[in-house]
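Report on the following structure.
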Amino acid sequence: MTPRTFKIKSFGCQMNVYDGERMAELLSAEGMMPAAETDDADLVVLNTCHIREKAAEKAYSDVGRMMREDGTRPLVALAGCVAQAEAAEAKRRSPMIDIVVGPQAYHRLPGMVARAARGARPVDTDMPAISKFDAFPQRRRANPSSFLTVQEGCDKFCTYCVVPYTRGAEISRPWADIVTEAHALVDAGAREIVLLGQNVNAWADGNRGLADLIRTLATIDGLERIRYTTSHPVNMSDELIAAHGEVAKLMPYLHLPVQSGSNRILKAMNRSHTVETYLATIEKMRDARSDIALSGDFIVGFPGETDEDFEATLKIVDTVRYASAYSFKYSARPGTPAATMEEQIPREIMDERLQRLQERINDHRLAFNRSTVGVDTQVLIEREGRHEGQMIGRSPWLQSVHVDTNARAGDIVDVTLVAAGPNSMTGTVRRAVAA
Ligand code: 5AD
Ligand code: SF4
């Protein structure tokens, strides 16, 4: 039976969230309706993540939960990076997977759904030359803060990482397509656009780079804020750094993963930057925009990581004083060079290092949040808070801010930050929004 309703469940990174929105638009254009719950859907798309083993395993446990009490189940499409990496294995592991669709083949999803409805089990993990973006319908819906993928894939081949295999080679979307999509998002209500890419700062169209794109997007009326993520340290150009000091709509926040504070480990990771070059970039960024909030990613327990290497990681956290950071235990991924390196680190050591690192990161996050108490700033309201009259939004530094206000999602309100917690701020409105 042809499915009439669908549910897309996205896991992992922001790019999956974006892809999920685009798949939803594509299926809607085919006449299907979004379902509120998985249980009400004729088709469920599991948009999966393969970055660490735990995330990948989640995909299979979710597939296992598709069977309903009455013995029926929806059509199940496995999408995302697990689909790309494990297509054949996934079909073998679970007979409930009807469709396997890799991230570069989403434009073919409607055709695959039609074939699956007739009893086939189609698989498409091609990385076709024709861009999926060309097949997606125009954007008609937007969030106050909306994602826009400008770059996909990775040519860096860090030795621990599956992304170059699951998302393919680095490609940049054309300038004109991005500008058109940005206008459509703003027309649909976006006040902030977050430019996405696995190596977003490697984005290029001819001789134009991300800084040029940001400067052009900043001229769009109604668009108030621009962010971009994730950046690679080696692609942090002087032009992009300078833009932070000159483009008021470019928010003072930079996610710049370093992964380790030890040059020996960075080399084994094939990161192509050192602690020194990374810190020099951070310094330049602070010169351009002194209040920039810095964020990063860390891996503990990479093969061969000694206590000394780990201490160096704690040291770089103290040097940079991150406003926030993500840290992960190394997870050996099949097919990556690091998976077969000698000296894999025992789990207990990884657990202990992760805990120490997270405590250190939390200390700095709280210190950063406290340093902003008393600051007059603006908050982009995104959603309702837990109690009546409370709304939650983001400060320029990406802090989550709780505000009592009659403002609605999409409003930007003048706020004084009055209290700091480890994970959020409290703000009071300086000027009420006209009702
Ligand atoms: N194990 C643990 N963490 C990983 N990351 C990427 N690959 C792995 C892995 N094999 C982390 C990196 C990256 C973030 C998105 O996920 O820190 O920046
Ligand atoms: Fe993975 Fe490294 Fe590419 Fe980031 S830069 S996606 S960590 S290979």
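Average accessible surface for the chain: 45 Å² per residue, computed with a 1.4 Å probe over protein heavy atoms with every protein chain in place. If one computes P(r) from the Cα atoms of the range 332-406, what percent of pairs lie at distances over 17 Å? That fraction is 66 percent. Under the criterion of Cα pairs below 8 Å and six or more residues apart, the relative contact order for the range 376-433 equals 33 percent.
How much of the calculated P(r) for the range 300-435 lies past 18 Å, in percent of all Cα pairs? Kindly include the intermediate steps, with their values, before the conclusion.
Numbers: 5738 of 9180 pairs.
Result: 63 percent of Cα pairs exceed 18 Å.
In a simple Cβ point-charge model (Lys, Arg +1; Asp, Glu -1; nothing else charged), the chain has a dipole of about 560 debye relative to its Cα centre.
Taken about its Cα centre, the range 197-290 carries a charge dipole of roughly 360 debye when the Cβ of each Lys and Arg holds +1 and the Cβ of each Asp and Glu holds -1. Gaussian network model of the chain, Cα springs within a sub-10 Å range: biggest mean-square fluctuation belongs to which of 295, 61, 327? Largest GNM mean-square fluctuation: 61. Relative contact order for the chain: 10 percent, from Cα pairs under 8 Å spaced at least 6 residues apart, divided by residue count. Based on the reciprocal of the average 1/r between different C-alpha atoms, the Kirkwood radius for the range 376-433 equals 10.7 Å. Considering only alpha-carbon pairs that sit under 8 angstrom and 6 or more positions apart, the relative contact order computed for the range 131-371 is 17 percent.
Of the peptides 281-292, 192-203, the order by per-residue mean of other Cβ atoms within 10 Å, starting with the highest, comes out as 192-203, 281-292.
The shape of the range 131-371 comes out prolate: with a ≥ b ≥ c from the C-alpha gyration tensor, a/c is at least 1.5 and a/b beats b/c.
Share of the chain's accessible area from carbon and sulfur, percent, 1.4 Å? Could the numbers behind the result be given before it?
Working: 9460 of 19380 Å².
About 49 percent, which is the carbon plus sulfur part of the accessible surface.
Straight-line cross-link partners of residue 9 among the lysines, defined as a Cα under 16 Å from its Cα and at least 8 positions apart when in the same chain: 58. For the range 93-201, the average shadow cast by the Cα convex hull is 8.8 nm², which is a quarter of the hull's surface. Taking square-rooted eigenvalues a ≥ b ≥ c of the alpha carbon gyration tensor, is the chain rounded, prolate or oblate, where a/c under 1.5 means rounded and, failing that, a/b exceeding b/c means prolate? Oblate.
The values are calculated or read from the model by the stated rules, or taken from the named source; none is laboratory data. Note that this is a predicted model, so its numbers are computed, not measured. No Cβ is skipped: glycine too gets one built from the backbone with ideal geometry, and neighbour counts run over all protein chains shown. Note: areas computed on protein heavy atoms with side chains; ligands, DNA, RNA excluded. Shrake-Rupley method; radii C 1.70, N 1.55, O 1.52, S 1.80 Å.
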